[in-house]
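Some notes on the structure that comes next.
The values are calculated or read from the model by the stated rules, or taken from the named source; none is laboratory data. Treat the numbers as computed from the prediction; the structure is a model and nothing was measured. Neighbour counts are summed over all protein chains in view; Cβ atoms, including those assigned to glycine, are modelled from backbone coordinates with ideal geometry. Just so you know, the surface numbers come from the protein's heavy atoms only, side chains and all, with ligands and any DNA or RNA stripped out. Shrake-Rupley method; radii C 1.70, N 1.55, O 1.52, S 1.80 Å.
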Amino acid sequence: LRPIMIWMLAKICEDEAKLDTLRSLTAEAIELARKKEIELSANIFDKTISNFRFMPSEVTTSMHSDFIKKRQKTEAQSLIGYVVREGEKLNVQTPVFTKIYASLKAAASTNWILARFPDFLKTHYNK
């Protein structure tokens, strides 16, 4: 799950809305894994968050770095897009992945810097 996150990793633990989004992403990924007969640890969410808590606050993901550095190619297609496409193929609902993927594609096409993306998510996708 670590590569799909686009926020500064340690900051996720400080914001309940971000944790809720991560929980939703984790649930969607687990459901897709089950459909593909891939075993995941029962406590994968807790393990992921535990790892995030020990990271320096400035640590980010390679995908986030791609957008900040305005690279033409990012990992969005291969990481988030993969989950969306596999979900469609296997009839697994991935609404949070789908919303984020659509936003990432729009951001990439307009050269929008994802350093502002967490605020955009908070405004548009919080429950």
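A few comments on the model shown:
- Annotation note: Cβ proximity below 8 Å between a residue of the range 32-56 that is in contact (Cβ under 8 Å) with a residue 40 or more places away in the chain and β-branched (Val, Ile, Thr) and a residue that is surrounded by 11 or more Cβ atoms within 10 Å (Cβ to Cβ) and assigned to a helix (DSSP H, G or I) (sequence gap 6+ or interchain) occurs for 44/26; 44/30; 48/2; 48/22; 48/26.
- Of 74, 26, 61, all but one fail to be within 25 Å of residue 106 (Cβ to Cβ), of a type in the set (Val, Ile, Thr) and at pLDDT 80 or above; the exception is 26.
- Tabulated pairs, the range 5-29, first of a type in the set (Ser, Thr, Tyr), second modelled with pLDDT under 75 and outside any loop (DSSP other than H, G, I, E, B), C-beta under 8 angstrom, 6+ apart or interchain: 21/121; 21/125
- Consider the range 29-49 and keep the residues that are of a type in the set (A, V, I, L, M) and at pLDDT below 85. The one that is most open to solvent (accessible area, probe 1.4 Å) is 42.
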